[in-house]
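Here's the structure we're looking at; comments come further down.
The values are calculated or read from the model by the stated rules, or taken from the named source; none is laboratory data. All values derive from a computational prediction rather than experimental measurement. Positions of Cβ are backbone-derived with ideal geometry, glycine not excepted, and every protein chain shown enters the neighbour counts.
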Amino acid sequence: MPRQRRRKSATGFYHVIAKGINKERIFNQTREKLYFKRILREYLKEDEVEIYAYCIMSNHVHLIIKSDMAVLAAFMAKCLAKYAEYYNYKHNRNGHVFQNRFKSECIESERYFWNCVRYIHLNPMKCHNENTYLQYKYSSIGEYQLLKNDILHENALTIFQRKFEEWEDVVNFHNKKQYVVIDDVKEDMHLQRQEIALNILEQMKMEKNLSKIEEIIEEKSLREEYKERLIDKMKISSTRSENLYLFVKKKIIGE
């Protein structure tokens, strides 16, 4: 079966994800994360690629990259191949290190861009229960905090400073509840939808000035409105909305 052709972004921005094969923890050690950063730094000098956000987790990596698609593909191929060679030698193994090709999703709007930046920076909290994403050493949040680029392109710092006047504004932005589903692997997108469904429920409780969130589940008119909000906010089918509602119902009242 032929590979599906990658879609080109009108803005040149892409959310790039590379995952370890069979969810293997290919960046499990500190020096492995640091080595991958070294590879990125090395090939950034050779290719017309701009990185605007990144996070290296134990079994996957997220990047926001601005580049021509052909250049992006070549850049990622070189980075992943070099890391795979290093990882296989280090662990005395052979074969694939990464799960299929890297995934690239188009970023077509400024709103989605910033939501994607936030999603990438918050990854450590979701995957490793880090007390705070600000303490995670292998993401771009530290470069943004210091306004000193290493892996990030200088243009990333420029638009960051235009967006946020104070560091407190950055923290407040990252602490906002999520209402946008960011393209990711299937299981992670499913978890995102569940989180957003709970956030919408809480938002609706506040708007309706209800004393208990359970009232939305118990009253027919309110729960039907809630399901419609799920459809509207996440652009999902009525079937998926119903499934999310059943998840929320079980989460809230245990039935």
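So the values come out like this:
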| quantity | calculated |
| --- | --- |
| Entirely in region 123-166, the helices (runs of 4 or more DSSP H) that have 2 or more residues that are within 19 Å of the chain's Cα centre (by Cα) and either modelled with pLDDT of 95 or more or among the β-branched types (Val, Ile, Thr) (or both) | 141-146, 154-163 |
| Tally, over region 167-181, of residues that are of a type outside the set (Phe, Trp, Tyr) and assigned to a loop (DSSP other than H, G, I, E, B) | 6 |
| Top-ranked residue of region 29-70 - restricted to ones that are assigned to a helix (DSSP H, G or I), in contact (Cβ under 8 Å) with a residue 12 or more places away in the chain and of a type in the set (Ser, Thr, Tyr), ranked as nearest to residue 140 (Cα to Cα) | 35 |
| Complete set of residues in region 142-158 that are touching a residue at least 60 places away in the same chain (Cβ under 8 Å) and among the hydrophobic types (A, V, I, L, M, F, W, C) | 151, 152, 156 |
| Region 211-255: number of residues that are within 18 Å of residue 179 (Cα to Cα) and of a type in the set (A, V, I, L, M, F, W, C) | 7 |
| Filtered residue count, region 161-191, keeping only those that are without any contact (Cβ under 8 Å) to a residue 40 or more places away in the chain and under 27 Å from residue 19 (Cα atoms) | 7 |
| Scope region 115-145; condition surrounded by fewer than 18 Cβ atoms within 10 Å (Cβ to Cβ) and of a type outside the set (A, V, I, L, M); matching residues | 126, 127, 128, 129, 130, 131, 132, 135, 137, 142, 145 |
| Residue count, region 1-28 (criterion: under 25 Å from residue 93 (Cβ atoms) and either free of Cβ contacts under 8 Å to residues at least 12 places away in the same chain or out of contact with any His (no Cβ under 9 Å at 6 or more places or on another chain) (or both)) | 4 |
| Region 182-207: number of residues that are surrounded by 14 or more Cβ atoms within 10 Å (Cβ to Cβ) and either part of a loop (DSSP other than H, G, I, E, B) or of a type in the set (Phe, Trp, Tyr) (or both) | 3 |
| Residue list for region 78-110, filter: assigned to a helix (DSSP H, G or I) and farther than 24 Å from residue 41 by Cβ | 110 |
| Unique match (being more than 19 Å from the chain's Cα centre (by Cα), of a type in the set (Phe, Trp, Tyr), part of a helix (DSSP H, G or I) and closer than 28 Å to residue 180 by Cβ) among 113, 75 | 75 |
